[in-house]
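The values are calculated or read from the model by the stated rules, or taken from the named source; none is laboratory data. If you're wondering where the values come from, they're calculated on a predicted model, not measured in any experiment. As a convention, Cβ positions derive from the backbone with ideal geometry for all residues, glycine included, and neighbour counts pool all protein chains shown. To get the accessible areas, we keep the full protein, side chains included, count just its heavy atoms, and leave off ligands, DNA and RNA. Shrake-Rupley method; radii C 1.70, N 1.55, O 1.52, S 1.80 Å.
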Amino acid sequence: SALQRAGASLFAGSLGSFVGNPCDLALVRMQADTTLPEAERRNYKNVADAFTRIVSEEGVTALWKGAVPTMTRAVALNISMLVSYETAKETATAALGNDASPFKIQVGSSMIAAVATAVGSLPFDNIKTKMQKQKPLPDGTLPYNSIADCISKSMAKEGVTGFWAGLPTYYFRVGPHAIITLLAAEQYRKLFGIGQKK
């Protein structure tokens with residue numbers, strides 16, 4: 001059911017993004033460096049240097065800075081992608097019956113899911129990125145002290161549409177990922193007979 005799919009997406013997205021958070025944190029900070037004034041850059045040499053410096057300067061737990069927004073973004077992405085895909089596929093199959101190729105239905109459904117994935121997860125991606133790249137202010141406090149604080153300050157500054165800033169670029173990042181992932185999953189299921197009626 002849609003609820004079971006959402007639950008599985010929630011669990012997988014949360015677990016996977018928690019484990020991968022240190023790599024995501026290093027990526028976000030290294031990318032953000034190019035947009036900062038030279039005096040404010042962290043200047044990590046590479047991923048290993050980023051890990052080493054984060055641990056030595058901020059402590060081991062700092063590798064999981066932004067873990068909650070990262071997990072929230074992953075959950076939103078997974079639910080948007082998997083639930084929309086399965087729903088589109090079931091609807092198309094019911095409407096077209098045996099007249100349409102299952103592969104064409106899968107391709108069409110994955111394209112619909114790619115749009116849903118981008119639209120559904122971008123606000124969470126924007127919040128995650130802001131929280132992971134933030135640096136202490138001159139008084140030592142952080143610009144955002146929680147997801148709710150980041151959301152309210154972002155809305156006040158950028159408006160509701162600001163949460164979808166960069167949507168076309170973001171789509172070209174996550175859209176192909178969603179399409180390839182979903183079509184590869186279908187081939188995996190077919191290869192191992194997963195979820196097929198007996």
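If you go through the range 80-108 and keep only what is over 25 Å from Val119 (Cα atoms) and open to solvent by 70 Å² or more (accessible area, probe 1.4 Å), you end up with Ala94, Ala95, Leu96, Asn98, Asp99, Pro102. Any chance you could count how many residues in the range 126-141 are under 21 Å from Ser17 (Cβ atoms) and either in a loop (DSSP other than H, G, I, E, B) or touching a Lys or Arg at 6+ places or on another chain (Cβ under 7 Å) (or both)? Residues flagged as under 21 Å from Ser17 (Cβ atoms) and either in a loop (DSSP other than H, G, I, E, B) or touching a Lys or Arg at 6+ places or on another chain (Cβ under 7 Å) (or both) within the range 126-141 amount to 4.
Going by the conditions given, is Tyr44 modelled with pLDDT of 90 or more, in a loop (DSSP other than H, G, I, E, B), open to solvent by less than 60 Å² (accessible area, probe 1.4 Å) and touching a helix residue (DSSP H, G or I) at 6+ places or on another chain (Cβ under 6 Å)?
Considered against the rule, which asks whether it is modelled with pLDDT of 90 or more, in a loop (DSSP other than H, G, I, E, B), open to solvent by less than 60 Å² (accessible area, probe 1.4 Å) and touching a helix residue (DSSP H, G or I) at 6+ places or on another chain (Cβ under 6 Å), Tyr44 comes out as yes.
Residues satisfying the criterion are absent from the range 183-198 (criterion: over 30 Å from Ser110 (Cβ atoms), in a helix (DSSP H, G or I) and without any contact (Cβ under 8 Å) to a residue 12 or more places away in the chain). Considering every residue within the range 56-78, establish whether at least one is within 30 Å of Arg5 (Cα to Cα) and of a type in the set (Ser, Thr, Tyr). Scanning the range 56-78, I find at least one residue that is within 30 Å of Arg5 (Cα to Cα) and of a type in the set (Ser, Thr, Tyr), so the answer is yes. When residues in the range 47-70 are screened for being of a type in the set (A, V, I, L, M) and either in a loop (DSSP other than H, G, I, E, B) or open to solvent by 50 Å² or more (accessible area, probe 1.4 Å) (or both), 5 of them pass. Of everything in the range 13-41, what is modelled with pLDDT of 90 or more, aliphatic (A, V, I, L, M) and open to solvent by 20 Å² or more (accessible area, probe 1.4 Å)? Give them in sequence order. Across the range 13-41, the qualifying residues are Leu15, Val19, Leu27, Met30. Can Ala148 be described as of a type in the set (Gly, Ala, Ser), at pLDDT 95 or above and either part of a loop (DSSP other than H, G, I, E, B) or open to solvent by 30 Å² or more (accessible area, probe 1.4 Å) (or both)? In short, no. One residue alone among Ile194, Ile179 is over 30 Å from Ala62 (Cβ atoms) and surrounded by 19 or more Cβ atoms within 10 Å (Cβ to Cβ), and that residue is Ile179. Within the range 111-131, the presence of a residue that is farther than 30 Å from Ile54 by Cα, polar (S, T, N, Q) and surrounded by fewer than 20 Cβ atoms within 10 Å (Cβ to Cβ) is excluded.
When the range 1-25 is filtered for residues that are over 15 Å from Lys135 (Cβ atoms) and hydrophobic (A, V, I, L, M, F, W, C), the ones remaining, listed by number, are Ala2, Leu3, Ala6, Ala8, Leu10, Phe11, Ala12, Leu15, Phe18, Val19, Cys23.
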